[in-house]
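One structure is given here, and the rest of the page talks about it.
The values are calculated or read from the model by the stated rules, or taken from the named source; none is laboratory data. Everything numeric here is computed off the predicted structure, so don't read it as measured data. All Cβ positions, glycine included, derive from the backbone under ideal geometry; neighbour counts span all protein chains shown. Note: areas computed on protein heavy atoms with side chains; ligands, DNA, RNA excluded. Shrake-Rupley method; radii C 1.70, N 1.55, O 1.52, S 1.80 Å.
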Amino acid sequence: MKLIKSPFVLLPLALCLSKCNQKQSDDRLGESSKILSEIPVLDIEFIPEKYVAYKTKNPINVDGELTEGEWGDIEWTNEFNDLEGDKKPKPLYSTKVKMVWDDDYFYFGAELVEPHIWATLKNHDDIVLHNNDFEIFIDPDGDTHEYCEIEMNAFETVWDLILTKPYRDKAKVIDSWHIYGMKKAVKVYGTINDPSDIDDKWTVEIAIPWKVMEELASHGGAPVNGEQWRVNCMRVNWQPDFSDGTYKYKINPETNKRFNNYNWIWTVSGNSGCHAPELWSFVQFSDLKPGTDKFKDDPNDDVKWALRQIYYRQRAFMKEYNEYASNTAQLKTEDLSVADIDFKPEISMINGRWEARQKGFDDKTVFIRWDGKVWLE
């Protein structure tokens, strides 16, 4: 994928100090809700991870154990890195994921190496990121709007929600959304909440019914062979203090507040924003034998990414001039290009808002608009 550099663009993205969740009731998040930081886009490269999820012949027994009989032929993702990439140290512990699917479910199996396994939250829809957790983000149709987030801690406590769009675009959080029929399990290799010993890891299995994805996907039911979704997974890890024989947050003596949590993620965004669906991984669904299919790049994704630069620049233009640019000359788009097409996007203005379009591949036109939604017609 092409790296597009701009000499001036700033990308306002949600800071992810605690996974950047700005809920409608911010008091639930407290200090975690720190949002909208000016982050340079210069070093953001469009190189999302790509993964082929194979269809399993036999349903997964969701018990938290990633047995060879069920998962043995399925490859792991790469190990997670810090959310900010090379700007931060390498993660302290390994995290990786496997994915398969069948006609009824989308299965995730995750392994989280952890010498101190602890959790406190036990109620559904608690703000699970305040514990060490495993998180899944899914945008089935890849338009960066209407995507879901699922978090789970070592107690199997789940927070599931839909975001109508990223926080940076003034999202509405649908916290009442619930994944009916989801199967979930955790296997603890050690003892939870016992600081007297050193634990090994905890493993997670989650089965998400396709039925609950219908509100977000472009069609009902399971995906078809070759279909691609945008997916990302992340791990929140807090620094523990167990000097008194129980687990609690480690306090920074300089601020007298707990240390910020670590955020370790599958596809790194290169900045502090985790709610940037345009940077998430690609998952391609295949019904072939595991290990025999290849990921197929869609050239229209390069067109989407080039148009995304217009979105970033429009945000910067609005910040400086209190209005959007009405043409590409104002945005200085001469440096933007896509291989094998004449990249000359058109901008239309309606009631102070904008929409850009560009002829893409396979007789498709790619659109993006003021609130970041991107689609094909």
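What number, in percent, do you get for the relative contact order of the range 125-209 if the mean sequence gap of Cα pairs under 8 Å and at least 6 apart is divided by its residue count?
Working: 151 pairs, mean separation 17.7, N = 85.
Contact order relative to length: 21 percent.
Relative contact order of the chain: what whole-number percent is it, with Cα pairs under 8 angstrom and at least 6 residues apart?
On the way: 876 pairs, mean separation 77.0, N = 377.
Dividing the mean separation by the residue count of the chain yields 20 percent.
Looking at Met318, Ala329, Trp280, which one has the Cα that reaches farthest to the positive end of the dipole of the range 262-377 (charges on Cβ: Lys, Arg +1; Asp, Glu -1)?
So the residue we want is Met318.
If I model the range 55-133 as equal point scatterers sitting on the Cα atoms and use the Debye formula, what is log10 I(q)/I(0) at q = 0.20 Å⁻¹?
The Debye formula, applied to the Cα set alone, gives -1.08.
Bin by bin, in steps of 10 Å, what percent of the Cα pairs in the range 302-377 do you find, going until the bin that has the longest distance?
Spelled out bin by bin, the range 302-377 gives 20, 57, 21, 2 percent.
Simple spin-label model, 7 Å along Cα-to-Cβ: Asp362 to Asp63 in nm?
4.1
Quick one: Cα convex hull volume of the range 235-346, Å³ per residue? Don't jump to the answer; show the numbers that get you there.
Numbers: hull volume 22.6 nm³, N = 112.
Roughly 201 Å³ of hull volume per residue.
Quote the charge dipole size of the chain about the Cα centre in Debye, to the nearest 20; the model charges only the Cβ of Lys and Arg (+1) and of Asp and Glu (-1).
In debye, rounded to 20, the chain gives about 1040.
Of all alpha-carbon pairs in the range 36-188, indicate the percentage at a distance above 28 angstrom.
Details: 3034 of 11628 pairs.
Result for the distance tail: 26 percent.
Placing +1 at every Lys and Arg Cβ and -1 at every Asp and Glu Cβ, with all other atoms neutral, what dipole size does the range 33-166 have around its Cα centre, in debye to the nearest 20?
Working: 11 positive and 31 negative charges, 66 e Å.
That gives a dipole near 320 debye.
Rank these residues by their accessible area, most exposed first, probe 1.4 Å: His219, His275. Don't skip to the end; give the middle numbers.
Numbers: His219 60, His275 5 Å².
Sorted descending by solvent-accessible area, the residues read His219, His275.
Sorting Ser337, Ser176 by accessible area (1.4 Å probe), largest first, what list results?
Details: Ser337 50, Ser176 105 Å².
Ranking Ser337, Ser176 by accessible area, largest first, yields Ser176, Ser337.
So what is Rg over Rh here for the range 258-304, counting just Cα atoms and using Kirkwood for Rh? The partial results should precede the final answer.
Values: Rg = 15.5 Å, Rh = 13.9 Å.
Reported Rg/Rh (Cα atoms, Kirkwood Rh): 1.11.
With a probe of 1.4 Å, find how much accessible area the chain has per residue, and write the answer as a whole number in Å².
Ligands and nucleic acids excluded, the figure is 44 Å² per residue.
State the percentage of accessible surface on the range 269-334 attributable to carbon and sulfur atoms; use a 1.4 Å probe and exclude ligands, DNA and RNA.
On the way: 1260 of 2710 Å².
For the range 269-334, the apolar C and S fraction of the accessible surface comes to 47 percent.
Would you work out the charge dipole size for the range 108-244 about its Cα centre, treating the Cβ of every Lys and Arg as +1 and the Cβ of every Asp and Glu as -1, and quote it to the nearest 20 debye? Write out the running numbers ahead of the final one.
Working: 12 positive and 26 negative charges, 68 e Å.
Approximately 320 debye in magnitude.
Quote the FRET efficiency, to the nearest 0.05, computed for Asn322 versus Asp371 with a Förster distance R0 of 22 Å and r equal to the Cβ-Cβ distance.
Working: r = 17 Å, r/R0 = 0.79.
Efficiency, from the Cβ-Cβ distance: 0.80.
Under 8 Å for C-alpha pairs, at least 6 residues apart: give me the relative contact order for the range 132-263, rounded to a whole percent.
Values: 238 pairs, mean separation 32.2, N = 132.
Relative CO of the range 132-263 lands at 24 percent.
Can you give the percent of C-alpha pairs in the chain whose distance is more than 36 Å?
On the way: 16395 of 70876 pairs.
The calculated P(r) of the chain puts 23 percent of pairs beyond 36 Å.
By how many degrees, between 0 and 90 and to the nearest 10, does the Cα long axis of helix 300-321 differ from the longest principal axis of the chain?
With both axes taken from Cα atoms, the answer is about 80 degrees.
Show me the ranking of peptides 147-157, 232-242 by mean Cβ neighbours inside 10 Å, starting with the highest.
Packing proxy ranking, top to bottom: 147-157, 232-242.
State the answer as a single residue: which of Trp264, Thr77, Pro223 lies farthest towards the positive end of the charge dipole of the chain, with beta carbon charges of +1 for Lys and Arg and -1 for Asp and Glu, about the Cα centre.
Trp264
Quick one: length gained pulling Ala329 to Glu346 fully straight, 0.36 nm per residue minus the C-alpha distance? It would help to have the intermediate numbers written out before the result.
Numbers: separation 17, 0.36 × 17 = 6.12 nm, distance 1.06 nm.
Extending this stretch completely gives an extra 5.1 nm.
Sort 291-299, 118-126 by packing, meaning the average of other beta carbons within 10 Å per residue, with the highest value first. Before the final figure, lay out each step's value.
Details: 291-299: 13.0, 118-126: 16.1.
Highest to lowest by the protection proxy: 118-126, 291-299.
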